[in-house]
Amino acid sequence: MKNEPSNKRRSQFSLVMRRLPKNKGAVVGLVIIAMLLVIVLFGDYLTPYDYYHQDYMNMFSFPSRAHPFGTDSFGRDIMSRIFYGARFSFWVSVGSVIISAILGGILGTVAGYYGGVADTIIMRFLDVYQSIPGLVLCLSFSAVFGPGTFTTMAALGITGIGSYARILRGSVLQAKGNDYVEAARAVKASDFHIIVRHIIPNAISPMIVSMTMGVGTDIISIATLGFVGMGIPSHLPEWGAMLSEGRSYMGIYPHLVLIPGIFIMITVLSFNLFGDGLRDAMDPRLKD
């Protein structure tokens, strides 16, 4: 009985690893995510220009061999700024999802495992909290603490708590009724041991899928905040801020808007494709 949950988790993991490569969308999404990660980690070495270098003799250049994505209104190389800005979109979105998942996971676990008054208080609080539009919360947070990288990450992280709490609460409600949980209670295992050793590992799958797709959602939110000037500082090459800078010239120089827009679209699509494939691979109702 003691080894049953761990053996079950290993078999589930191997099953997911067998199913995932069969989903073409998930594979395409994973490949794009891997390419994005290469850009995030090695972007400085992939372009010949610094993102802040200004060449006033080549302002508003269209894509060419010297500047594959063209230049902006200050003569800055757009490809360098896209590659450098990828790290902000990627790390801030990942960080915000982790914050949401940790805080929401704690609330959802407590509500689902203990139930009763704790469940009622937490869920009613989340009902009120989620009635406030997420963008309004983020803008309010940025207005109070000022725009910045960590402010944006914290704002998005706090905004997403409710959805992750509800997801894990539902999974915990299912997992706590399993036989191995009852066996752990019978031998007087502590609540903390039961939650960490038995409940969370068997309830985390929906959370992982939601986190994967949440990264793509937060990338859009980061771009939205950057577009209105309330996200990452404007002097840094964030994709949403680049869209905002280029909108005044989009009729004459459409590449200023199209290129960052395409990168946002492809990145979000890749996380959605991978998340969909991961959800299908973790679905216990599917058979090989």
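Laboratory data are not the source of any read-out in this text; all were calculated from the coordinates shown. Worth saying up front: this structure is predicted, and the values here are computed from it rather than measured. Virtual Cβ from ideal backbone geometry, glycine too; neighbours counted across all protein chains shown.
Just subtract the alpha-carbon distance of S73 and L15 from 0.36 nm times their residue separation and send over the number in nm, one decimal.
Once the chain is fully extended between S73 and L15, it gains 15.7 nm.
For the chain, treating each Cα as an identical point scatterer without solvent, what Debye log10 I(q)/I(0) comes out at q = 0.06, 0.09, 0.14 1/Å?
Summing over Cα pairs of the chain leads to -0.25, -0.54, -1.04.
Per q in 0.09, 0.15, 0.23 Å⁻¹, report the Debye log10 I(q)/I(0) for segment 60-162, using one uniform scatterer on each alpha carbon and no solvent.
Reported log10 I(q)/I(0), two decimals: -0.39, -0.75, -1.10.
List the aspartates and glutamates whose Cα sits under 20 Å from the Cα of K176, skipping any in the same chain fewer than 8 residues away.
E4, D119, D191, D283
Going 7 Å from the Cα of V228 in the Cα-to-Cβ direction, what parts of segment 157-179 have a backbone nitrogen less than 16 Å from that spot?
157, 159-160
Compute the helix-to-body angle for 205-227: its Cα long axis versus the longest principal axis of the chain, expressed 0 to 90° and rounded to tens.
The angle comes out near 30 degrees.
How long are the semi-axes of the ellipsoid equivalent to segment 1-133, from square roots of 5 times the Cα gyration tensor eigenvalues, in whole Å, largest first?
45, 25, 12
Tell me the mean residue ellipticity at 222 nm calculated for the chain from its helices only (DSSP H runs of n ≥ 4, each -39500 (n - 2.57), averaged over every residue, nearest 500).
It lands at -23500 deg cm²/dmol.
What angle, in degrees between 0 and 90 and rounded to the nearest 10, separates the Cα long axis of helix 161-175 from the longest principal axis of the Cα atoms of the chain?
Roughly 30 degrees between the two axes.
Residues with amide H under 5 Å of Q54's amide H, sequence separation 5 or more or different chain, H placed in the peptide plane at 1.01 Å from N; which?
Sorted by chain and number, the residues that satisfy this come to none at all.
According to the Kirkwood expression over distinct Cα-Cα pairs, how big is the hydrodynamic radius of segment 200-284, in Å?
Final number for the Kirkwood radius of segment 200-284 is 14.3 Å.
What order, most packed first, do the peptides 206-214, 192-200 have when packing is the mean number of other Cβ atoms within 10 Å of each residue?
206-214, 192-200
Convert each backbone phi in segment 97-104 into a coupling constant with the Karplus relation 6.51 cos²θ - 1.76 cosθ + 1.60 (shift: θ = phi - 60°), then list the ³J(HN,Hα) values in order as whole Hz, x for Gly and Pro.
So the J values, rounded to whole Hz, are 5, 5, 4, 4, 5, 5, 5, x.
In whole Hz and in residue order, list the ³J(HN,Hα) couplings for segment 126-136 that follow from phi through the Karplus curve 6.51 cos²θ - 1.76 cosθ + 1.60, θ = phi - 60°; x for Gly and Pro.
Coupling constants for segment 126-136: 5, 4, 5, 4, 7, 6, 8, x, x, 5, 5 Hz.
If you take every residue apart from G85 with its C-beta less than 14 Å away from the C-beta of G85, what net charge results, scoring Lys and Arg +1 and Asp and Glu -1?
-3
Once phi is turned into θ = phi - 60°, what whole-Hz ³J(HN,Hα) does the Karplus curve with 6.51, -1.76 and 1.60 give for every residue of segment 54-71, x standing for Gly and Pro?
Taking θ as phi minus 60°, the curve returns 10, 10, 5, 7, 10, 6, 6, 6, 6, x, 8, 5, 5, 10, x, 10, x, 10 Hz for segment 54-71.
Pick from K22, K176, K188: which is most flexible by mean-square fluctuation in a GNM of the chain where alpha carbon atoms under 10 Å apart are linked?
K188
Could you tell me what a quarter of the Cα convex hull surface of segment 117-176 works out to, in nm² with one decimal place?
That works out to 4.8 nm², a quarter of the Cα hull's surface.
Percent relative contact order of segment 123-232, based on C-alpha pairs within less than 8 angstrom and at least six residues apart?
For segment 123-232, the relative contact order is 36 percent.
Quickly work out the H193-to-L173 label distance, labels modelled 7 Å from Cα along the C-beta direction, and quote it in nm with one decimal.
2.8
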